[in-house]
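Everything on this sheet refers to the single structure shown next.
Just so it is clear, none of the values below were taken in a lab; they were calculated from the coordinates. Computed from a prediction, not measured in an experiment: that's the story for all the values here. Cβ atoms come from the backbone with ideal geometry, glycine included; neighbour counts cover every protein chain shown.
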Amino acid sequence: MVVHLNTATRTASLLSIPRDLFVPNARIAGVNKIDAALYEGPSQLVEAIEEDFGIPINHYVELNFDTFAGVVNALGGVRMYFPVPVFDAESGLNISHPGCLLLDGYHTLQVVRARHLQIQPNASNTVKSTWPLEGLSDLARIRRTHEFLRVLAAKV
């Protein structure tokens, strides 16, 4: 994600770059996905964003999973709304009932990392293996992450 802070207007703009986006210089040789730019550390990712997108990067923040969860836990968790039950076997996300739920750091991480989210199509269908997959894997994950950041910013 790239955040632009405009001190004159006291606003922030957010650009999320899908991790599977192919860029010319993610690595030293050849075209690769943008997440491959982390192979040699964050400075390589910064260089790829600056070169491929023409976006100057002045500072960066790197969060690992434990740090992410720790930030959420330090704030006492976050409340997120789920209109229907959702499930993601790979991230471990298992929201079994709709509503506004208080999530700790571990469960919030499951929400923002889910890439194979299944959505309950109707209340009578409780067999998760038959629930349809959410489309737009990375783009849907970006939407959930933006929603999390909106909730987080409101809490802070």
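Figures for the structure shown
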quantity: Net charge contributed by nearby residues that have their C-beta within less than 15 Å of Arg144 (K/R +1, D/E -1); calculated: +2
quantity: Sites Ala12 and Asn122 - FRET efficiency at Förster radius 35 Å, r taken between beta-carbons, to 0.05; calculated: 0.35
quantity: Contact order normalised by residue count of the range 80-153, Cα under 8 Å, 6+ apart, percent; calculated: 28
quantity: Distance-filtered residues of the range 111-147 - backbone nitrogen under 19 Å, label point 7 angstrom along Lys155 Cα→Cβ; calculated: 111-114, 142-147
quantity: Value of relative contact order over the chain, rounded to a whole percent, pairs C-alpha under 8 Å and six or more apart; calculated: 15
quantity: Ratio of the Cα radius of gyration of the chain to 2.2 N^0.38 Å, where N counts its residues; calculated: 1.17
quantity: In the range 4-103, GluC sites (Glu not before Pro) in a DSSP loop with at most 15 other beta-carbon atoms within 10 Å; calculated: Glu62, Glu90
quantity: Within the range 1-26: backbone nitrogen closer than 19 Å to the Thr67 label point (7 Å, Cα to C-beta); calculated: 1-5, 15-17, 19
quantity: Tensor-based shape of the range 1-75 (alpha-carbon gyration tensor, a/c under 1.5 rounded, otherwise prolate or oblate); calculated: oblate
quantity: Shape category assigned to the range 86-156 from the gyration tensor of Cα positions, a/c cut at 1.5; calculated: prolate
